[in-house]
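Chemist: For reference, the structure I am asking about is given below.
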Amino acid sequence: MSDDKGTPRRVRTPERGDARPESKSEGKGCALARLIESLPPARRDHVFTHTSWATDRGSSYERLEFLGDSVLELSIARAVYDRFPDAPEGRLAKIRAHVVSRHSCAAVAKELDLGRLLLEQARDVPEAELDRIVRSRNVLAALLEAAIAAVYLEHGFKEAERAVVEAFDSLIEFACTGHIDNKTELQEALARSGNQVQYSVVDVEGPPHDRRFVCVAVIAGEQVGIGRASTKKAAEQGAARQALEAMAHVAPRLP
């Protein structure tokens with residue numbers, strides 16, 4: 001959108017004294033939403049400063065995102081460890097991978113209305129670009145992780161952990177009881193590092209009436225999973241599941 005001179009229209013930045021619309025998460029008992037809303041102004045500004053209008057990358061939310069990723073993973077790892085005492089390590093890793101995926105984080109960010117808070121912080125950004133930013137799944141997921149880090153720095157790990165687990169509770173339950181696509185979960189887990197997975201059939205076992213396909217999952221030139229099944233798709237799912245288990249790790253404890 002532009003004016004008569006072809007200059008991109010700038011979005012009006014809300015003033016500090018402007019009344020804010022009610023957050024979608026207010027009134028739902030979401031502790032994480034309340035903790036984010038009550039962050040000190042300087043801390044909150046840091047969370048909602050995108051690189052598009054940050055004075056430098058260090059003043060954007062990227063460093064907080066880095067820290068928040070570890071806080072989130074440790075919180076969820078502890079929650080699934082306690083909640084499913086009979087689940088083997090591989091199953092716990094699979095549940096955690098689903099819960100902390102970019103898709104899941106973006107969904108929680110939408111529930112907390114973090115896109116609105118980012119809009120409030122925008123500075124001199126063309127409308128089209130701002131709209132793209134606030135709709136981006138990666139941006140929303142990054143915002144959530146940055147906000148989690150800010151809550152951790154402000155209130156400590158125990159309070160941040162309680163709020164995070166509450167916000168992700170339904171996702172934890174779904175990951176345990178619902179059907180999870182291993183291939184999708186693996187790609188979500190790889191998205192943070194920019195890696196991709198490739199699948200290939202390396203062997204076909206058995207007679208024609210009882211074929212068994214052997215498929216491998218390869219990441220960065222290294223075989224990380226292998227699956228065997230009666231169909232190629234099922235074999236790929238098995239390879240992806242083994243790759244997820246091989247990638248499983250527990251974030252270090254925070255003070």
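The values are calculated or read from the model by the stated rules, or taken from the named source; none is laboratory data. Since the structure is predicted, the reported quantities are computational estimates derived from the model, not experimental observations. Ideal geometry is used to build each Cβ from the backbone, glycine not excepted, and the neighbour counts take in all protein chains shown.
Chemist: Of all residues being surrounded by fewer than 20 Cβ atoms within 10 Å (Cβ to Cβ) and of a type in the set (A, V, I, L, M, F, W, C) in segment 107-124, which is modelled with the lowest pLDDT? Just the residue, please.
Modeler: Per the criteria, the residue is Leu119.
Chemist: Go through segment 41-66 residue by residue and tally those that are at pLDDT 85 or above and in contact with a Ser or Thr (Cβ under 8 Å, 6 or more places away or on another chain).
Modeler: Residues that pass the stated criteria total 6.
Chemist: If a residue must be of a type in the set (A, V, I, L, M), at pLDDT 85 or above and surrounded by fewer than 17 Cβ atoms within 10 Å (Cβ to Cβ), how many such residues does segment 191-217 contain?
Modeler: Of the residues in segment 191-217, 3 are of a type in the set (A, V, I, L, M), at pLDDT 85 or above and surrounded by fewer than 17 Cβ atoms within 10 Å (Cβ to Cβ).
Chemist: Return the total of residues in segment 151-190 being of a type in the set (A, V, I, L, M), surrounded by 21 or more Cβ atoms within 10 Å (Cβ to Cβ) and modelled with pLDDT under 85.
Modeler: Summing the residues that are of a type in the set (A, V, I, L, M), surrounded by 21 or more Cβ atoms within 10 Å (Cβ to Cβ) and modelled with pLDDT under 85 in segment 151-190 gives 2.
Chemist: Those residues that are of a type outside the set (Lys, Arg) and out of contact with any helix residue (DSSP H, G or I) (no Cβ under 8 Å at 6 or more places or on another chain), I need them from segment 141-166; list them, please. Break it down stepwise before answering.
Modeler: Of all residues in segment 141-166, those of a type outside the set (Lys, Arg) come to 141-157, 159-161, 163-166.
Within segment 141-166, Gly156 is the sole residue that qualifies.
Chemist: Being among the basic types (Lys, Arg) and closer than 17 Å to Gln187 by Cβ is the filter here, so list the residues in segment 205-251 that pass it.
Modeler: Lys233, Arg241
Chemist: Write out, first by first residue and then by second, each pair whose Cβ atoms fall under 8 Å of each other, whose residues are 6+ apart or on separate chains, and whose first residue, in segment 55-74, is assigned to a helix (DSSP H, G or I) while the second is charged (D, E, K, R) and modelled with pLDDT under 95.
Modeler: Asp69/Arg192; Glu73/Arg96; Leu74/Arg253
Chemist: Only one of Ala141, Ala87, Ala97 is modelled with pLDDT of 90 or more, among the small types (Gly, Ala, Ser) and in the same structural domain as Glu166 (by TED's automatic domain parsing); which?
Modeler: When all the criteria are applied, what remains is Ala141.
Chemist: Here is a further query. Can you say whether Ser104 is in a helix (DSSP H, G or I), touching a His at 6+ places or on another chain (Cβ under 9 Å) and closer than 25 Å to Leu39 by Cβ, as far as the supplied structure shows?
Modeler: For Ser104, the condition - in a helix (DSSP H, G or I), touching a His at 6+ places or on another chain (Cβ under 9 Å) and closer than 25 Å to Leu39 by Cβ - is met.
Chemist: Is one or more of the residues making up segment 79-90 surrounded by 14 or more Cβ atoms within 10 Å (Cβ to Cβ), under 26 Å from Ser136 (Cβ atoms) and not acidic (Asp, Glu)?
Modeler: No, segment 79-90 contains no residue that is surrounded by 14 or more Cβ atoms within 10 Å (Cβ to Cβ), under 26 Å from Ser136 (Cβ atoms) and not acidic (Asp, Glu).
Chemist: Moving on to the next point. Only one residue in Ser104, Ser136, Ser60, Ser75 is outside the structural domain of Gln242 (by TED's automatic domain parsing) and surrounded by fewer than 21 Cβ atoms within 10 Å (Cβ to Cβ). Which one?
Modeler: Just a single option satisfies the conditions, and that option is Ser136.
Chemist: Just to be sure, is Asn138 closer than 24 Å to Glu65 by Cα, of a type outside the set (Gly, Ala, Ser), part of a loop (DSSP other than H, G, I, E, B) and without any contact (Cβ under 8 Å) to a residue 60 or more places away in the chain?
Modeler: On the way: closer than 24 Å to Glu65 by Cα: yes; of a type outside the set (Gly, Ala, Ser): yes; part of a loop (DSSP other than H, G, I, E, B): no; without any contact (Cβ under 8 Å) to a residue 60 or more places away in the chain: yes.
Answer is no for this residue.
Per-residue answers, yes or no, for (1) charged (D, E, K, R); (2) within 16 Å of the chain's Cα centre (by Cα):
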site	(1), (2)
Ala122	no, no
Leu130	no, no
Leu140	no, yes
Leu144	no, yes
Ala147	no, yes
Tyr152	no, no
Lys158	yes, no
